[in-house]
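Everything on this sheet refers to the single structure shown next.
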Amino acid sequence: MEPGVLVVAALAVLVGTVLQRVSGTGVGLVLAPALTLLFGPLQGVMLTNLTTPISAFLIMLSVRRLVEWRHAGAIIATALPGVALGAWLSTVLSYGVLSVVVGVVVLLGLGVAAFAERLPEVSRRLGVVPAGFLGGFFNAVAGIAAPAMVVYSRMTRWDQARFAATMQPVFLCIGVGSFAGKLLGGASVGTPQELVVILPGLVALVVVGILLGAWLDRRVSKAAASRLAIGLAGVGGVLTVVKGIGALLA
């Protein structure tokens, strides 16, 4: 990996984590398209899958009293088949097709989440299976589980604070599952020696991002941070689709 690319990737991780802390927007929404543009759809999403659990674990420590553990377990259980399918597809699809898929999922997620408030109410028992499966699938394919989970929370009228807390163990488990599934499928984000450097670096960046986000949270409005996150995700999604189409036409 070239030093310049690593610096840009580090900035993307830092910005994504800060925006997650300030706005509540899923870190993958900003990070997945950025890292896909830098490293390609497979390695980019794998790095997103590696970053998300770190962020989720650290946030979970501070909100663990609000976590609905049984509910989290149900979502994780229904997400695992989607994770397995998405991880497999990620290792067999071509560069161009997978790039388009990542970009489309990002843009679709932005659109669906924007209209989530207008969706009808459903019971948790009815909604948990499709929400978990789609969240796991989209997380494995594109590094983005949050839109499916947001739709589920709105349709079940889930308390926002408890929803946000309960998502942390969910994101932790499906992120690890997505990363591990691709490793088992033969994919990699680097040599073992490189991973020894990458993993501590990601932990450090996420910690700094969370601390910086906590400081900015008192100085920046959530609405402004959310608009910035959505804007960055939208631009990244469009560029990823364009890059994928270019690869398919080449």
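Considering V206, V242, V238, which residue is within 16 Å of the chain's Cα centre (by Cα), among the β-branched types (V, I, T) and at pLDDT 85 or above?
V206
If we keep just the residues of the stretch 1-60 that are free of Cβ contacts under 8 Å to residues at least 24 places away in the same chain and in a helix (DSSP H, G or I), which is nearest to A146 (Cα to Cα)? It would help to see each step written out before you state the result.
The initial filter retains those residues of the stretch 1-60 that are free of Cβ contacts under 8 Å to residues at least 24 places away in the same chain, namely 2-4, 6-7, 11.
With in a helix (DSSP H, G or I) added as a condition, the list becomes 3-4, 6-7, 11.
Working: P3: 31, G4: 30, L6: 26, V7: 26, L11: 21 Å.
Per the criteria, the residue is L11.
Inspect the stretch 6-22 for any residue being under 23 Å from L228 (Cβ atoms), buried (at least 24 other Cβ atoms within 10 Å of the Cβ), modelled with pLDDT under 90 and among the polar types (S, T, N, Q) and give the result as yes or no.
Among the residues of the stretch 6-22, at least one is under 23 Å from L228 (Cβ atoms), buried (at least 24 other Cβ atoms within 10 Å of the Cβ), modelled with pLDDT under 90 and among the polar types (S, T, N, Q), which makes the answer yes.
Quickly run through the stretch 190-222 and pick out the residues that are in contact with a Ser or Thr (Cβ under 8 Å, 6 or more places away or on another chain) and exposed (fewer than 13 other Cβ atoms within 10 Å of the Cβ).
K222
Say we look at the stretch 175-188 and pick out the residues that are in contact with a Leu (Cβ under 8 Å, 6 or more places away or on another chain) and either under 13 Å from I144 (Cα atoms) or hydrophobic (A, V, I, L, M, F, W, C) (or both); which of these is surrounded by the fewest Cβ atoms within 10 Å (Cβ to Cβ)?
Here the residue is A187.
Looking at A247, A142, which is the one that is under 26 Å from G40 (Cα atoms), crowded, with 22+ Cβ neighbours inside 10 Å and hydrophobic (A, V, I, L, M, F, W, C)? Steps first, answer last, please.
Values: A247 fails: crowded, with 22+ Cβ neighbours inside 10 Å.
Every option except A142 fails the conditions.
Where residues in the stretch 77-106 are surrounded by fewer than 20 Cβ atoms within 10 Å (Cβ to Cβ) and β-branched (V, I, T), which of them is modelled with the highest pLDDT?
T78
With respect to R157, is the statement that it is free of Cβ contacts under 8 Å to residues at least 40 places away in the same chain, touching an Asp or Glu at 6+ places or on another chain (Cβ under 7 Å) and surrounded by fewer than 19 Cβ atoms within 10 Å (Cβ to Cβ) true? Steps first, please.
Details: free of Cβ contacts under 8 Å to residues at least 40 places away in the same chain: yes; touching an Asp or Glu at 6+ places or on another chain (Cβ under 7 Å): yes; surrounded by fewer than 19 Cβ atoms within 10 Å (Cβ to Cβ): yes.
Judged against the criteria, R157 is a match.
Taking the conditions exactly as written (surrounded by fewer than 19 Cβ atoms within 10 Å (Cβ to Cβ) and under 12 Å from L80 (Cα atoms)), does V129 satisfy them or not?
yes
To keep it simple, each residue is scored yes or no on (1) farther than 19 Å from V220 by Cβ; (2) within 12 Å of the chain's Cα centre (by Cα).
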site: L19; (1), (2): no, no
site: V22; (1), (2): no, no
site: G40; (1), (2): yes, no
site: P53; (1), (2): yes, yes
site: L58; (1), (2): yes, no
site: A72; (1), (2): yes, no
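The values are calculated or read from the model by the stated rules, or taken from the named source; none is laboratory data. Computed from a predicted model, the values in this text were never measured in an experiment. No Cβ is skipped: glycine too gets one built from the backbone with ideal geometry, and neighbour counts run over all protein chains shown.
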